[in-house]
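Colleague: Here it is, the structure, as C-alpha cells.
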Amino acid sequence: MTETRNPTLLGRRHRNEKMFRFAGLAAITLAITFLGTLLVSITLSGYSAFQQTRIQLDITLPADPQTAGYQGLVKQALRATFPDVSQRRDKKELYALVSSGAAYEVRQFARANPAKAGTGIEIWLTASDNVDMLIKGKVSVEDEAAVRRLSDRQVSWIEHLTTTNRLEKQFNSNFFSNGDSREPEVSGIAAALAGSFFSLLICLILAFPLGVMAAIYLEEFAPRTWLTSLIEVNINNLAAVPSIVFGLLGLAIFLNFFELPRSAPLVGGMVLALMTMPTIIITGRASLKAVPPSIREAALAIGASKVQSVFHHVLPLAMPGVLTGTIIGMARAIGETAPLLMIGMVAFIVDVPKGILDPATALPVQVFLWADSPERAFEERTAATIIVLLAFLMAMNLVAVILRRKFETRW
Amino acid sequence: MNSLTLSSPEQSGLLHLANLNIDFAKRSAAAQTSSISETVAADLNRMEAENLNVWYGQTQALFDISLDIPQNQVTALIGPSGCGKSTFLRCLNRMNDVIESCRIDGMIRFDDADIYGSQVDVVELRARIGMVFQKPNPFPKSIYDNVAYGPRIHGLASNREDLDRIVMESLEQARLFDEVKDRLHAPGTSLSGGQQQRLCIARAIAVKPEVILMDEPCSALDPIATAGIEALIGDLKDAYTIVMVTHSMQQAARVSQKTAYFHMGQLVETGTTEQVFADPVDQRTRDYISGRIG
C-alpha cells in the first residue's frame with residue numbers, strides 16, 4: 001500500500017467519519033444543555049420552598065391545653081407587639097401577617113408541652129404566604145400593593161419585625177410533615193410522599209414477581225407457537241399503551257367491578273403494576289436471553305432439570321439486568337400522573353395516609369394540583385416537589401446501580 | 001468442501017500426515033502386546049445406535065446411522081464441519097431435546113433400553129451419560145461449587161465430608177487437584193483454559209456417569225493444554241466409556257480405539273482406529289484422512 005488507490009473516496013470516508021463524530025458530540029452537548037437548563041431552572045425556582053418565613057410572638061399559654069381560643073391568643077400577641085394598632089381595619093391587616101395555621105401550631109405546642117401550661121412562651125409561628133413571598137424576594141417593596149398583596153402598613157410592620165429579629169427564614173418543616181392545604185405556607189408533601197411510597201410498594205410487590213415469572217416462563221419454558229408469538233406481540237404493545245388507558249382499566253375493573261376504595265394507594269399500585277409489568281417482562285426476557293446458552297447446557301448435561309438450570313444458574317446471571325429493568329419500570333411508575341387521576345388519587349388530601357387503604361395522592365399528582373393553583377407561593381412549592389421527585393428518582397437509579405454491582409460480583 | 005486453503009485447523013493434518021504414519025507404526029506394535037482384557041472389553045457395547053435419523057426442521061442432518069459404542073474405549077467421531085458428528089453426539093444424551101425444531105427417529109440403546117423411550121427420565125439419563133463441551137463452560141461459581149453442584153442436585157453425598165471427598169476425588173481424577181487444592185473457593189472462571197476444561201471434566205465425573213461425551217474438548221485450547229486433556233482421556237477410559245468428537249485427526253489417532261467417519265450426515269466408515277487410519281475402505285475417508293477434503 002504505497003499509493004492511495006482512490007484518493008477521492010478515501011477523503012470522503014474520512015470526512016464522513018468526522019461529520020458523524022461531530023454530529024454525535026453536538027447531540028450530546030445539546031442534550032446535556034437541556035438537562036442542565038431544566039435542573040437549574042427547577043432548582044432556582046424551587047429551593048426557596050425549603051425555607052419558610054416565621055414570626056416570633058410572646059404568648060401566654062392557657063392553664064388547660066384542651067381549651068379552645070388559640071386563634072385569639074395569636075391575635076392578642078400580635079396586638080401586644082404593635083400596641084398602636086387600634087382601628088378594626090388595621091387590626092385585620094395585622095392579623096393577616098401570620099398564617100391562619102398559626103393557631104394550630106400554638107395548640108400543638110401546648111398539647112406537646114403540658115408542663116408549660118399557664119406560662120408565657122416565645123414561639124415561632126408561620127407567617128402568611130404574602131409575607132413569605134416578600135421576604136424571599138419573589139415580590140418587591142417597590143411593587144404596587146395589589147401585586148405584592150401587602151399594604152404599605154403591613155410592609156412597615158414587617159420591616160419593624162425584621163429589625164427586632166422577630167421575623168426570619170427558617171427550615172420549612174411544614175413542607176415535609178403536612179398534607180395539602182389551601183394555605184400555601186402550611187401545605188406540604190407528606191400525604192403525596194406517603195401515597196407515592198405505598199403505591200410503589202404495592203406496584204413492586206405485584207409487578208416484580210409476576211413480571212419476572214412471566215419472563216422466565218416465556219423465555220425458558222414456553223414452546224414457540226403462534227400463541228406465544230401472539231402473547232409476545234401483545235406484551236410489546238402493552239408496554240406502549242398510553243398510561244391513561246391503564247387508569248381507565250383500573251377505574252372500570254378495580255373500582256367499579258371489585259368496588260375497591262377510591263383514591264387508595266392500593267388501587268394506584270395495582271394500576272401502576274399493570275403498567276410496569278410489560279416493561280419488567282421485556283427487559284427480563286432480554287437479560288435472560290443474554291445469558292450464554294453454554295451455562296444452560298452445562299447444567300442440563302450434568303442432569304439438572306430445566307427448572308434447576310434456570311433457577312440455579314440462568315436467573316442469578318440475569319438478575320442484574322432484571323433488577324435494572326424493574327427499577328426503570330418503577331422509575332416510570334413513580335412519575336406517572338394520568339392513571340392516578342382516573343382512579344381518584346387527584347383528591348385534595350389533608351391527612352397523611354397511614355396505610356394502603358387511606359385516601360392519598362402522589363408526588364406527580366401533587367405537582368399537577370399545585371401547578372394549577374393561583375397563589376404565587378404554590379409556584380415555588382411546585383418546583384420543590386419536582387426536586388423531591390427527582391431526588392427520589394436519582395436515589396432509585398443509584399439503588400439500581402448498587403444492586404447491579406452487587407449481583408455482578410457475586411460468586 | 002474441496003477448498004485447499006491452509007487456514008482451517010483440520011487442514012494442518014496435511015502437514016502432519018507424515019508423522020502420523022510413523023506414530024501409527026509405533027502404536028500398532030504396542031497394541032499387539034497390550035493386555036487381553038482390552039480386547040474382551042471391546043466386544044461389549046455400552047451404547048448402540050440403530051437407524052438413527054435426525055432432522056432440524058425440514059433439513060435432515062443424520063441419515064440412517066447405526067453405530068456401536070464399545071465399553072471402556074474411546075470412540076472418536078471425525079469428519080468435516082457440518083457432517084453431523086456433533087449432532088450424533090448430542091443425540092446420545094438427548095441434549096438435542098433442547099432444540100425445538102429437532103426431530104429424531106430411530107433407536108439408541110443404553111442398558112438394553114431405548115433412551116428415547118417413553119419411560120426414560122432424561123434428567124436421570126444425563127446423570128449417567130455426562131458431557132464435556134467444546135468451549136470450557138464452568139459455572140460462574142467457585143471451583144468447589146462447580147464440582148459439587150452435580151452431586152448436590154442428585155443427592156450423592158449424605159454429609160459435608162462425603163461431598164468434600166467426592167469433589168476431591170473428581171478433581172484428582174481430572175488431574176486438577178494439585179493445581180487448585182489451595183484455592184478451591186476461587187471462581188472457576190479464574191482458571192486457565194486447559195484448567196477450566198479439566199474442571200468441566202471433573203464436574204462431569206463427579207456425578208459418577210457411565211459414559212462421557214466430549215464435543216471437541218480441545219479445540220479451544222493450546223497444544224500444551226491439549227496434551228494434558230488427551231493424557232487425561234487416556235486415563236479415564238479405564239473407568240468410563242468415552243465418545244469424542246474431534247476435528248484433529250492426529251488427536252483421534254492418538255487417543256481413540258475406535259473411529260467413525262461422518263460425511264454429510266452419513267456414517268461412511270467405522271472400525272478400529274488403526275484400520276480406519278491405516279487402511280480406509282471408502283474413497284471419501286481416504287480423501288479426508290489424506291487432507292484432500294475437509
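The values are calculated or read from the model by the stated rules, or taken from the named source; none is laboratory data. All of these numbers come straight from a predicted model, not from anything done at the bench. No Cβ is skipped: glycine too gets one built from the backbone with ideal geometry, and neighbour counts run over all protein chains shown.
Colleague: With the structure loaded, tell me whether A:Gly211 is closer than 28 Å to A:Ala338 by Cβ, surrounded by 19 or more Cβ atoms within 10 Å (Cβ to Cβ), within 24 Å of the chain's Cα centre (by Cα) and not polar (S, T, N, Q) or whether it fails that test. Please lay out each step first, then the result.
Modeller: Details: closer than 28 Å to A:Ala338 by Cβ: yes; surrounded by 19 or more Cβ atoms within 10 Å (Cβ to Cβ): yes; within 24 Å of the chain's Cα centre (by Cα): no; not polar (S, T, N, Q): yes.
In short, no.
Colleague: In addition: Considering only residues that are facing chain A (nearest Cβ under 8 Å) and without any contact (Cβ under 8 Å) to a residue 12 or more places away in the chain, which ones fall in the range B:117-132?
Modeller: B:Val123, B:Glu124
Colleague: Looking at the structure I just gave you, is B:Ala202 touching a helix residue (DSSP H, G or I) at 6+ places or on another chain (Cβ under 6 Å) and either at pLDDT 90 or above or surrounded by fewer than 17 Cβ atoms within 10 Å (Cβ to Cβ) (or both)?
Modeller: On the way: touching a helix residue (DSSP H, G or I) at 6+ places or on another chain (Cβ under 6 Å): yes; either at pLDDT 90 or above or surrounded by fewer than 17 Cβ atoms within 10 Å (Cβ to Cβ) (or both): yes.
For B:Ala202, the condition - touching a helix residue (DSSP H, G or I) at 6+ places or on another chain (Cβ under 6 Å) and either at pLDDT 90 or above or surrounded by fewer than 17 Cβ atoms within 10 Å (Cβ to Cβ) (or both) - is met.
Colleague: Just to confirm my filter: which strands (runs of 3 or more DSSP E) fall fully inside the range B:181-294 and include at least 3 residues that are under 25 Å from B:Val167 (Cα atoms)? Spell out the reasoning first.
Modeller: Values: elements: B:211-215, B:241-245, B:258-263, B:266-272.
Because the criterion is at least 3 residues that are under 25 Å from B:Val167 (Cα atoms), the strands (runs of 3 or more DSSP E) in the range B:181-294 that meet it are B:211-215, B:241-245.
Colleague: Right, B:Met168: more than 14 Å from chain A (Cβ to nearest Cβ), more than 30 Å from B:Ser290 (Cα to Cα) and either of a type in the set (A, V, I, L, M) or not in a loop (DSSP other than H, G, I, E, B) (or both) or not? Give the derivation first.
Modeller: Numbers: more than 14 Å from chain A (Cβ to nearest Cβ): yes; more than 30 Å from B:Ser290 (Cα to Cα): yes; either of a type in the set (A, V, I, L, M) or not in a loop (DSSP other than H, G, I, E, B) (or both): yes.
When the stated conditions are applied, B:Met168 passes them.
Colleague: Condition test on A:Gly355, is it more than 13 Å from A:Gly188 (Cα to Cα), of a type in the set (Gly, Ala, Ser) and surrounded by 18 or more Cβ atoms within 10 Å (Cβ to Cβ)? Don't jump to the end; show me each part of the working.
Modeller: Values: more than 13 Å from A:Gly188 (Cα to Cα): yes; of a type in the set (Gly, Ala, Ser): yes; surrounded by 18 or more Cβ atoms within 10 Å (Cβ to Cβ): no.
When the stated conditions are applied, A:Gly355 does not pass them.
Colleague: Only one of these conditions is not met by B:Leu163: (1) in contact (Cβ under 8 Å) with a residue 24 or more places away in the chain; (2) more than 13 Å from every other protein chain (Cβ to nearest Cβ); (3) of a type outside the set (Phe, Trp, Tyr); (4) outside any loop (DSSP other than H, G, I, E, B). Which number is it?
Modeller: Here B:Leu163 clears every test but (1).
Colleague: Still on this structure, please answer the following. Looking at B:Phe139, is it at the interface with chain A (Cβ under 9 Å from one of its Cβ atoms), within 18 Å of A:Pro316 (Cβ to Cβ) and either in contact with a strand residue (DSSP E or B) (Cβ under 7 Å, 6 or more places away or on another chain) or touching a residue at least 12 places away in the same chain (Cβ under 8 Å) (or both)?
Modeller: Considered against the rule, which asks whether it is at the interface with chain A (Cβ under 9 Å from one of its Cβ atoms), within 18 Å of A:Pro316 (Cβ to Cβ) and either in contact with a strand residue (DSSP E or B) (Cβ under 7 Å, 6 or more places away or on another chain) or touching a residue at least 12 places away in the same chain (Cβ under 8 Å) (or both), B:Phe139 comes out as yes.
Colleague: Which of (1) in contact with a helix residue (DSSP H, G or I) (Cβ under 6 Å, 6 or more places away or on another chain); (2) more than 10 Å from chain A (Cβ to nearest Cβ); (3) at negative phi is the odd one out, the single condition B:Ser158 does not satisfy?
Modeller: Unmet condition: (1).
Colleague: Has the range B:171-180 got any residue that is within 14 Å of chain A (Cβ to nearest Cβ), in a helix (DSSP H, G or I) and farther than 18 Å from B:Tyr240 by Cβ?
Modeller: Of all residues in the range B:171-180, those within 14 Å of chain A (Cβ to nearest Cβ) come to B:174.
From what is left, the residues that are in a helix (DSSP H, G or I) are none.
No, every residue in the range B:171-180 fails to be within 14 Å of chain A (Cβ to nearest Cβ), in a helix (DSSP H, G or I) and farther than 18 Å from B:Tyr240 by Cβ.
Colleague: Filter the range A:252-282 down to the residues that are among the hydrophobic types (A, V, I, L, M, F, W, C) and part of a loop (DSSP other than H, G, I, E, B), then identify the one that is surrounded by the most Cβ atoms within 10 Å (Cβ to Cβ).
Modeller: Narrowing the range A:252-282 to residues among the hydrophobic types (A, V, I, L, M, F, W, C): A:252-255, A:257-258, A:260, A:264, A:266-267, A:270-275, A:277, A:280-282.
From the residues that got through so far, the ones that are part of a loop (DSSP other than H, G, I, E, B) too are A:258, A:260, A:264.
Details: A:Phe258: 9, A:Leu260: 16, A:Ala264: 26.
Among those that are among the hydrophobic types (A, V, I, L, M, F, W, C) and part of a loop (DSSP other than H, G, I, E, B), it is A:Ala264.
Colleague: Could I ask something else about it? Taking the criterion of being aliphatic (A, V, I, L, M), in a helix (DSSP H, G or I) and in contact (Cβ under 8 Å) with a residue 60 or more places away in the chain, would at least one residue in the range A:99-108 satisfy it? Even if it seems obvious, please write down each step before you answer.
Modeller: First pass over the range A:99-108, keeping only residues aliphatic (A, V, I, L, M): A:102-103, A:106.
Narrowing the set further to residues that are in a helix (DSSP H, G or I) leaves A:102-103, A:106.
Pick out the ones that are also in contact (Cβ under 8 Å) with a residue 60 or more places away in the chain and you get none.
Within the range A:99-108 (the criterion being aliphatic (A, V, I, L, M), in a helix (DSSP H, G or I) and in contact (Cβ under 8 Å) with a residue 60 or more places away in the chain), the answer is no, since none of the residues qualifies.
Colleague: Also: Is there any pair with a first residue in the range B:199-210 that is away from chain A (no Cβ under 11 Å) and a second that is surrounded by fewer than 24 Cβ atoms within 10 Å (Cβ to Cβ) whose Cβ atoms are under 6 Å apart and which are 6 or more apart or on different chains, and what are they?
Modeller: Once the first residue is away from chain A (no Cβ under 11 Å) and sits in the range B:199-210, its partners that are surrounded by fewer than 24 Cβ atoms within 10 Å (Cβ to Cβ) give B:Glu210/B:Arg128.
Each row is one residue, and each column tells you yes or no for (1) closer than 30 Å to A:Ala318 by Cβ; (2) touching a Cys at 6+ places or on another chain (Cβ under 9 Å); (3) away from chain B (no Cβ under 14 Å).
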site	(1), (2), (3)
A:Ile205	yes, no, yes
A:Phe208	yes, no, yes
A:Ala214	yes, no, yes
A:Ala222	yes, no, no
A:Thr225	yes, no, no
A:Leu230	yes, no, yes
A:Asn236	yes, no, yes
A:Ser243	yes, no, yes
A:Glu259	no, no, yes
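Colleague: Based on what the data block shows, is A:Leu340 buried (at least 21 other Cβ atoms within 10 Å of the Cβ), of a type outside the set (Gly, Ala, Ser), touching a strand residue (DSSP E or B) at 6+ places or on another chain (Cβ under 9 Å) and not in a loop (DSSP other than H, G, I, E, B)? Break it down into steps so the answer makes sense when it comes.
Modeller: Values: buried (at least 21 other Cβ atoms within 10 Å of the Cβ): yes; of a type outside the set (Gly, Ala, Ser): yes; touching a strand residue (DSSP E or B) at 6+ places or on another chain (Cβ under 9 Å): no; not in a loop (DSSP other than H, G, I, E, B): yes.
In short, no.
Colleague: Only residues that are aliphatic (A, V, I, L, M) and more than 19 Å from B:Ser101 (Cα to Cα): list them for the range A:214-242, please. First the steps, then the outcome.
Modeller: So the first thing to find is which residues in the range A:214-242 are aliphatic (A, V, I, L, M), and the list is A:214-216, A:218, A:222, A:227, A:230-231, A:233, A:235, A:238-241.
Within the range A:214-242, A:Ala214, A:Ala215, A:Ile216, A:Leu230, A:Ile231, A:Val233, A:Ile235, A:Leu238, A:Ala239, A:Ala240, A:Val241 meet the criteria.
Colleague: In addition: Across the range A:294-337, what is the total count of residues that are more than 14 Å from chain B (Cβ to nearest Cβ), in a helix (DSSP H, G or I) and over 20 Å from A:Leu218 (Cβ atoms)? Lay out the reasoning, then the answer.
Modeller: Initial filter on the range A:294-337 (more than 14 Å from chain B (Cβ to nearest Cβ)): A:321-337.
Okay, now just the ones that are also in a helix (DSSP H, G or I), so A:321-334.
Now drop any that are not over 20 Å from A:Leu218 (Cβ atoms), which leaves A:327, A:330-334.
Summing the residues that are more than 14 Å from chain B (Cβ to nearest Cβ), in a helix (DSSP H, G or I) and over 20 Å from A:Leu218 (Cβ atoms) in the range A:294-337 gives 6.
Colleague: So which residues in the range B:260-276 are surrounded by 24 or more Cβ atoms within 10 Å (Cβ to Cβ) and in contact with a Leu (Cβ under 8 Å, 6 or more places away or on another chain)?
Modeller: Initial filter on the range B:260-276 (surrounded by 24 or more Cβ atoms within 10 Å (Cβ to Cβ)): B:260-262, B:273, B:276.
Correct list: B:Ala260, B:Tyr261, B:Phe262.
Colleague: Suppose we keep only residues that are crowded, with 24+ Cβ neighbours inside 10 Å and of a type outside the set (Val, Ile, Thr) within the range B:211-220. Which one would you say is nearest to the other protein chains (Cβ to nearest Cβ)?
Modeller: Within the range B:211-220, the subset crowded, with 24+ Cβ neighbours inside 10 Å is B:212-214, B:217-218.
Narrowing the set further to residues that are of a type outside the set (Val, Ile, Thr) leaves B:213-214, B:217-218.
On the way: B:Leu213: 8, B:Met214: 11, B:Pro217: 13, B:Cys218: 16 Å.
The residue in question is B:Leu213.
Colleague: Being in contact with a helix residue (DSSP H, G or I) (Cβ under 7 Å, 6 or more places away or on another chain) and not in a helix (DSSP H, G or I) is the filter; apply it to the range A:4-56 and report the residue that is nearest to A:Ile386 (Cα to Cα).
Modeller: Start the filter on the range A:4-56 by keeping residues that are in contact with a helix residue (DSSP H, G or I) (Cβ under 7 Å, 6 or more places away or on another chain), which leaves A:4, A:42-43, A:45-46, A:48-50, A:52-53, A:55.
Narrowing further to those that are not in a helix (DSSP H, G or I): A:4, A:52-53, A:55.
Details: A:Thr4: 59, A:Gln52: 18, A:Thr53: 21, A:Ile55: 28 Å.
Per the criteria, the residue is A:Gln52.
Colleague: Quick check, is A:Leu73 in contact (Cβ under 8 Å) with a residue 24 or more places away in the chain, surrounded by 12 or more Cβ atoms within 10 Å (Cβ to Cβ) and either charged (D, E, K, R) or not in a loop (DSSP other than H, G, I, E, B) (or both)?
Modeller: Details: in contact (Cβ under 8 Å) with a residue 24 or more places away in the chain: yes; surrounded by 12 or more Cβ atoms within 10 Å (Cβ to Cβ): yes; either charged (D, E, K, R) or not in a loop (DSSP other than H, G, I, E, B) (or both): yes.
For A:Leu73, the condition - in contact (Cβ under 8 Å) with a residue 24 or more places away in the chain, surrounded by 12 or more Cβ atoms within 10 Å (Cβ to Cβ) and either charged (D, E, K, R) or not in a loop (DSSP other than H, G, I, E, B) (or both) - is met.
Colleague: Scan A:Gly120, A:Gly137 and give me the residue that is touching a Ser or Thr at 6+ places or on another chain (Cβ under 6 Å) and at pLDDT below 90. Show your work before the answer.
Modeller: Values: A:Gly137 fails: touching a Ser or Thr at 6+ places or on another chain (Cβ under 6 Å).
One residue alone meets the criteria, A:Gly120.
Colleague: Can you pull out the residues in the range A:140-179 that are buried (at least 18 other Cβ atoms within 10 Å of the Cβ) and part of a loop (DSSP other than H, G, I, E, B)? Let's see the steps before the verdict.
Modeller: Filtering the range A:140-179 for residues buried (at least 18 other Cβ atoms within 10 Å of the Cβ) gives A:148-150, A:154, A:157-158, A:161, A:167, A:172, A:174-175, A:178-179.
Residues satisfying the conditions are A:Arg149, A:Leu150, A:Asn172, A:Asn178, A:Gly179.
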